[in-house]
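The values are calculated or read from the model by the stated rules, or taken from the named source; none is laboratory data. Please read all numbers here as calculations on a predicted model, not as lab measurements. Glycine also receives a Cβ, built like all others from the backbone with ideal geometry; neighbour counts cover every protein chain displayed.
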Amino acid sequence: MAVMMVIAILLSVAAVGIQNIDRGQATTTALAVTESLFDEARSEAVGRGTRARLLIHKELNDKELEDRERYLSYMCVAVESTDQEGDARGGGWEIITRGTKLPSGVYFSPEESERVAEKVGVGKPGVMSIDLPGEGTTGSDALKECYYFEFNPEGVCVDSEDAGLAPGAAVVLISGTRPRDEEEPKIMKNNKVGFVVWRNGRTSIFRSPEQIDLAQ
């Protein structure tokens, strides 16, 4: 019996350790995916000579399965609609990617991202409504709120409120759970990673909560 109890305890400890490893791998994967999407948005802005935005699903609606699964974890890239001469057409936006879902249990944290942005002096995300791919509704019901990070035609990540202020952005991802109808996911063991996008397009990566806290 004593041996069996010891084995049971060891298995429990091992299970917890494996879960922590899995969460760490998930945030690492999410970090790489998000950084590559930012690079894609910047490349599209420069290549097309127009504005491009990295969108993150913001619609809090747990009654709809798709919204619940996408909340703070679905990302895609949109560019400003232009005419045949390449001129902007009244601020319309066109999604050019299929969309990417972060690994299960990993979320974009607007609160942490804005806190880091304020401390390091870079721009904060804006909010817009857009028809995301895959939605079954049409018309005004198809519009979903999204956070966005914008790149101008020169490839500079600009602040959402004033293109002349605070170029750059801060992005923090957390691993955790989100109870139904609650806006902010709960961080598990302070598990968060992120990066800062600077004016020149380069990024500084935070691979641990300690590095993020130092930046703040």
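Data overview
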quantity	calculated
Test: residue in the range 78-100 that is polar (S, T, N, Q), out of contact with any strand residue (DSSP E or B) (no Cβ under 8 Å at 6 or more places or on another chain), modelled with pLDDT of 90 or more and over 22 Å from Trp198 (Cα atoms)	no
Hits in the range 65-80 (condition: surrounded by 15 or more Cβ atoms within 10 Å (Cβ to Cβ) and not basic (Lys, Arg))	Glu66, Asp67, Tyr71, Leu72, Ser73, Tyr74, Met75, Cys76, Val77, Ala78, Val79, Glu80
Options Val172, Val193, Val197; residue that is farther than 11 Å from Gly123 by Cβ, modelled with pLDDT of 90 or more and in contact with a Phe, Trp or Tyr (Cβ under 7 Å, 6 or more places away or on another chain)	Val193
Matching residues, the range 49-67, being free of Cβ contacts under 8 Å to residues at least 40 places away in the same chain and of a type in the set (D, E, K, R)	Lys63, Glu64
